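Before we start, here is the structure in question, set down as structure tokens.
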Amino acid sequence: MNYYVKRLGRSLLTLVLVITITFGLTRLMPGGPVEYMRAQLRAQNPNLSTEEINQMVQAYVGVKPDEPLPMQYLNYLVQVLQGDLGRSTFYDQPVASIYANAIPWTLFVLGTALIVTFVISVTLGALLAYKEGSRVDTVVSSISVIMNSVPYYIAAIVLIAVFVTWLGWFPLSGRSSIDIAPGFNIPFILDVTKHAVLPMLSVILTGFGAQTLGMRGNSVRVLGEDYIRVAQLRMLPTHRIAMRYVARNAILPIYTGFIIQIAFVLGGSVILEEIFRYPGVGFYFFNGISSRDYPLMMGGFLLISVAVVLAVLIADLTYGILDPRASSGGGDSEAY
């Protein structure tokens, strides 16, 4: 019980620190969002009074400039906990609403890509370990090393050049085509999938290498265990030994890395979604930075930070369930 209480308390403290840092960036930076927005509003509306400008700044940024700093912080903390992240100056919409609409699309593309990558890596890693030293092991391991050294944005550019510009098989931008009515129907689902294929491939092709090699290394260690020798003496099929005995036990060390990586899709989506012009969390976060839309930018920063904290918490708690040694108090084993 102390294990879970400690992890939960650490996560709550981290969330408060993240909100505090966001407030500091919003209010305390020289020439930061508040002063910039004041100057912008004053230039656009010279006849506005100071009180009216402060009210508009409060609506956009979430703090009232003429209040004492501690009161500003408490108000900002309450607003964030209520889901109020301010209002975007570029889109003139609530920031929470913009990201709430974008999150499912980012999770669909990058979440699916990471799950596929994880399944491929676990399967390949277990099989390569079982066939250690074979030609298949050498070839696949070499490919994994090469693909792991390629940044995902380079793979994205190559995929666009080949499959969009040259072959014309896939669209370049957007979530779906404008001439297809949205809805739970086959044409729309196929069109959405077609728009998501290349971003998914960019992550899968460049992400499976490291996980495959990690899984292979863990599986090689597991193969030296006595229960594997017993399974081999029983003449069990190779694929059954690889997946049921080897993979199940070798997967634990890379499990937490996978859970945390899911959270990082929100941050890692910035460049990828900008390349494909795919309106997800990263796309709007990048637009917030480029257009100096501070509420949108700070909302994206807060969202990504919270996602990472929650993912670490989930990884901690579930790892303790999957491997009781992590929460038994024996040693300082950490889940990350």
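The values are calculated or read from the model by the stated rules, or taken from the named source; none is laboratory data. It should be emphasised that the depicted structure is a prediction, and the values quoted were computed from it without experimental measurement. Backbone-built Cβ (ideal geometry, glycine too); neighbour counts: all protein chains shown. Only protein heavy atoms, including side chains, enter the accessible area calculation; ligands, DNA and RNA are left aside. Shrake-Rupley method; radii C 1.70, N 1.55, O 1.52, S 1.80 Å.
Determine, yes or no, whether PHE108 is open to solvent by 50 Å² or more (accessible area, probe 1.4 Å), over 15 Å from MET215 (Cα atoms), at pLDDT below 80 and not charged (D, E, K, R). Quick ask: steps written out before the conclusion?
Working: open to solvent by 50 Å² or more (accessible area, probe 1.4 Å): yes; over 15 Å from MET215 (Cα atoms): yes; at pLDDT below 80: no; not charged (D, E, K, R): yes.
Considered against the rule, which asks whether it is open to solvent by 50 Å² or more (accessible area, probe 1.4 Å), over 15 Å from MET215 (Cα atoms), at pLDDT below 80 and not charged (D, E, K, R), PHE108 comes out as no.
Find all pairs meeting these conditions: Cβ atoms under 8 angstrom apart; at least six residues apart or on different chains; first residue within region 69-82 and of a type in the set (S, T, N, Q); second residue assigned to a helix (DSSP H, G or I).
As it stands, the answer is GLN72/PHE23; GLN72/ARG27, since those pairs meet every condition given.
Please list, ordered by residue number, the helices (runs of 4 or more DSSP H) wholly in region 67-153 having 2 or more residues that are in contact with a Phe, Trp or Tyr (Cβ under 6 Å, 6 or more places away or on another chain), within 26 Å of LEU17 (Cβ to Cβ) and not hydroxyl-bearing (Ser, Thr, Tyr).
Numbers: elements: 69-81, 95-106, 112-130, 135-148.
In region 67-153, 95-106 are the helices (runs of 4 or more DSSP H) which contain 2 or more residues that are in contact with a Phe, Trp or Tyr (Cβ under 6 Å, 6 or more places away or on another chain), within 26 Å of LEU17 (Cβ to Cβ) and not hydroxyl-bearing (Ser, Thr, Tyr).
Go through region 281-305 and report how many residues are surrounded by fewer than 19 Cβ atoms within 10 Å (Cβ to Cβ) and among the β-branched types (Val, Ile, Thr).
1
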